[in-house]
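Heads up: the structure comes next, in structure tokens.
The values are calculated or read from the model by the stated rules, or taken from the named source; none is laboratory data. What you see is a predicted model; the values in this text were computed from it and never measured. All Cβ positions, even for glycine, are placed from backbone atoms using ideal geometry, and neighbour counts span all protein chains on display. In case anyone asks, the SASA skips ligands and DNA or RNA and just uses the protein heavy atoms, side chains included. Shrake-Rupley method; radii C 1.70, N 1.55, O 1.52, S 1.80 Å.
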Amino acid sequence: FPDVGNVKDSDEAIALRRERLKLHPVGHRDRSMSLINLANQLYTRFDHRGNDEDLNEAVALHREGLALRLDQSSSFDYTTDQLSTHFEHLGDDENLDDAITQHKEALDLRPVDTGSLNAAMDDLKAAVNVAPGGLLSRLRASLRWVRLASQHSHGTQLEAYETSIQLLDTHMSVTASVSSRNAMKEFPRTLAVDAASCALRSGNVCRAVELLEQGRTIVWTQIIQLCMPLDGLQTRGDHAMTLMKRFRDLSFFLDKSPARNPGGTPQVGAEAEETRYRLLVEDQNRTIEEIRKIEGFSRFLLPPLFIDLQDTARDGPIVVLIASKSSCDAIIIPHKQPPTSIQLPTDFRKLARLVLALQKAINKEANPIGNPSALIKVLRELWDDVVCPVAETLGRFARRGSRIWWCPTSLFNFLPLHAAGEYRANGESLSQQYISSFTPSLTALHQEKTNIGVVPVTATYCYIVTVVICS
């Protein structure tokens, strides 16, 4: 069913799972498995229909089944995924707490064999570099590498993130726009921020900015439907057009498994197949090098360099906010000085709750008899946990009253950073200190400043906020 998405088959499968469960009453040794199988089927149907009742029942059944199992570690992972989805869909704090707790318990149940773990990392790294497997297969292998390395805090974690983002960038550059957007759905939405967070933990602030920018530029290119990197070659003459066509043709053949490639016989030997693929890879690498010689394409399929990104801050420092489950950080990028990172006194769970509190406060404000105290409480917490630590450090790079640029990620996108403040008599607020502008990425800001013909995606906020404080 998951492969074909047949709704009727899903309904029949769930009905059969329910009948199966009736054959395994309380006390039966197979009841746990029947509960979990039914939960999984309901969760699959929720993915296709988005019915809240399916998700609620799946979570309840999986909890019940998990309580009956002796070997719980694998089921903890799946239940954690369901609880996380439940929180994202319904905003239920209890499910977010349960997901975190169960994920920790699952890790505690799994002893780590260092030798086997290192061998697994080596195998995944080797799979990522097997060109005959196809670009998409290599990308999926790199994401498995990321998940395993992150789970065990392995030394190859940053390398795995770098490889995944590079392969994703390549995949998106050589695939048609519609299929690229569909392919994005199966990849982690937090890949870029998680990679940046990993680089920060390793102490490499510049690399964190580069990875975040490379990953987020891929996403924003799809969202606002900008031209893919290759499309810019169309205006660079016949030679550039030839290189573009050659690169896409080679990528097409390399992205197919050997059995599906035209031109070969079913009995072609493994050695001959490897030789053919090696030649295709060499030809593609030569084509990429030729493309990079064209003006404006020197970083084609390469991550952006921090020194180039930093030049975007010439009109004011840029504050990049990173919200990952590992930590929440701010990176201040001045024009000439080295970047500074700040670990914020908050975490992903607190941010999620703050976003929900903001939504509720806004709904109350829309009511004529609403009380503004709920909104003020949110803006105060936002000031204390996020904006104030940044503002205190900004004083080293920007004069009071000047412009700053915010580049938020993840949950930070849903918070009114420009409106944060203490909201009390003689209290501090960001609007008193700086003019806030926003950008989805440093690349978008650079393109807008250089008028490269893209849709403007930045915004500026300069508000006078008046709050009446009642005694």
Condition met for residue 82 (at pLDDT below 65, touching a His at 6+ places or on another chain (Cβ under 7 Å) and open to solvent by less than 60 Å² (accessible area, probe 1.4 Å)): yes
Given (1) at pLDDT below 95; (2) open to solvent by less than 20 Å² (accessible area, probe 1.4 Å); (3) under 14 Å from residue 212 (Cα atoms), number of the condition residue 304 does not satisfy: (2)
So residue 399, is it open to solvent by 30 Å² or more (accessible area, probe 1.4 Å) and at pLDDT 95 or above: no
Residue 304 vs. criteria within 19 Å of the chain's Cα centre (by Cα) and assigned to a loop (DSSP other than H, G, I, E, B): yes
Residue list for the stretch 307-340, restricted to those being closer than 20 Å to residue 418 by Cα and open to solvent by 20 Å² or more (accessible area, probe 1.4 Å): 315
Top-ranked residue of the stretch 145-156 - restricted to ones that are assigned to a helix (DSSP H, G or I) and either among the β-branched types (Val, Ile, Thr) or over 15 Å from the mean Cα position of the chain (by Cα) (or both), ranked as farthest from residue 121 (Cα to Cα): 151
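Residue-wise test of (1) of a type in the set (A, V, I, L, M, F, W, C); (2) in contact with a strand residue (DSSP E or B) (Cβ under 8 Å, 6 or more places away or on another chain).
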site	(1), (2)
397	yes, yes
410	no, yes
415	yes, yes
418	no, yes
422	no, yes
426	no, no
432	no, yes
438	yes, yes
444	yes, no
Candidates 191, 124, 212, 139, filtered to the one that is crowded, with 20+ Cβ neighbours inside 10 Å, over 25 Å from residue 327 (Cα atoms) and modelled with pLDDT of 85 or more: 139
Residue check, residue 167 at pLDDT below 85 and not in a loop (DSSP other than H, G, I, E, B): no
Residue list for the stretch 418-440, filter: of a type in the set (A, V, I, L, M, F, W, C), within 14 Å of residue 377 (Cα to Cα) and buried (at least 22 other Cβ atoms within 10 Å of the Cβ): 420
Members of the stretch 406-439 that are among the hydrophobic types (A, V, I, L, M, F, W, C) and more than 18 Å from residue 193 (Cβ to Cβ): 419, 420, 425, 430, 435
For residue 345: the one exception among (1) within 20 Å of the chain's Cα centre (by Cα); (2) in a loop (DSSP other than H, G, I, E, B): (1)
